[in-house]
Number of protein chains: 2
Amino acid sequence: MDTLLKAIADTKRRDIIRLIWARELPAAEIAEYFPDVTRSAISQHLSVLRKNGVIHERREGTRRFYSVNRGEIVKLRAFLDSFWSDSLERLRDLAEVSEQQQGAS
Amino acid sequence: MDTLLKAIADTKRRDIIRLIWARELPAAEIAEYFPDVTRSAISQHLSVLRKNGVIHERREGTRRFYSVNRGEIVKLRAFLDSFWSDSLERLRDLAEVSEQQQGAS
DNA sequence: GTTTTACGTTAGCATATCCTTACGTTAGAG
DNA sequence: CTCTAACGTAAGGATATGCTAACGTAAAAC
């Protein structure tokens, strides 16, 4: 989970995700959106996203099309939601204990 | 935002957040929950969280009590929510364009 | 078969991260 | 004032990250 969160804790990688959210794109076209770095850098970012299951690769001839793996995004959202809500739940439990203590005093 | 996301992309730091979500705790007590690392390491994790506004420090004598800064967590959640929903919205927009194209053909 | 095209991969460098050990620092105890 | 408690901070090492430049590779074009 740490590596998955780290994968999206990078502006370029989040931009890549946004870019291919609605439609798949070949690597070269993705790289065009980042003129400040080389194609190699983008290829490595794509590798990080792929290894964490965030994106999917489809080969066609010499080109590789990338698209977002929505399932993994859903899993990430679920993890974060449970992270927040677990914490909130613990807070609620504590509030209940506090109420019981107030009732008992 | 990258550094804020990186701050929570670490199991120990997320555990610290959970630990002090409902109640503030002094640094020593937080460190007790992590017997595998030194107090210094925890102090540095606390520093990372504080610099990103995730936690709040209250000094009392020689002790420092830490608690979660809920406002920052809310901001983080809002950022992520808009990240997902912006992407979904773009997907919806594309679907509409697709429908129009289908209608026009 | 040779050459392009569209990629990934490797080597190597600068910087960042996470840790431990050692050294401040501040508030209170004696 | 001296000592201790509860901390942070600095130094330094191992490993990870992000990048560029150079190299490797498979598919298609010629």
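Things worth noting here:
- Number of residues in the stretch B:36-49 that are surrounded by fewer than 16 Cβ atoms within 10 Å (Cβ to Cβ), over 14 Å from residue B:25 (Cβ atoms) and either near DNA strand D (Cβ under 10 Å from one of its atoms) or within 14 Å of another protein chain (Cβ to nearest Cβ) (or both): the value is 5.
- Among the residues making up the stretch B:50-88, those that are among the hydroxyl-bearing types (Ser, Thr, Tyr), surrounded by 13 or more Cβ atoms within 10 Å (Cβ to Cβ) and within 13 Å of chain A (Cβ to nearest Cβ) are B:67, B:87.
- For the stretch B:14-21, the count of residues that are of a type in the set (D, E, K, R) and within 11 Å of DNA strand D (Cβ to nearest atom) is zero.
- Long-range neighbours under 7 Å by Cβ, at least six apart or interchain, first residue without any contact (Cβ under 8 Å) to a residue 40 or more places away in the chain within the stretch B:9-32, second buried (at least 16 other Cβ atoms within 10 Å of the Cβ) and part of a loop (DSSP other than H, G, I, E, B): B:9/A:9; B:12/B:34; B:30/B:20
- Residues in the stretch A:9-56 that are closer than 19 Å to residue B:84 by Cα and acidic (Asp, Glu): A:10, A:15, A:24.
- Only one of the numbered conditions (1) within 12 Å of the chain's Cα centre (by Cα); (2) more than 8 Å from DNA strand D (Cβ to nearest atom); (3) surrounded by fewer than 13 Cβ atoms within 10 Å (Cβ to Cβ) is not met by residue A:3, and that is (2).
- Checklist (1) part of a helix (DSSP H, G or I); (2) within 14 Å of another protein chain (Cβ to nearest Cβ); (3) buried (at least 17 other Cβ atoms within 10 Å of the Cβ) applied to residue B:21, failing item: (1)
Only the coordinates and a few stated rules stand behind these numbers; no lab work does. Remember, it's a predicted structure, so these values are computed and weren't measured experimentally. FYI the Cβ positions are ideal-geometry reconstructions off the backbone, even for glycines, and counts take in every protein chain you see.
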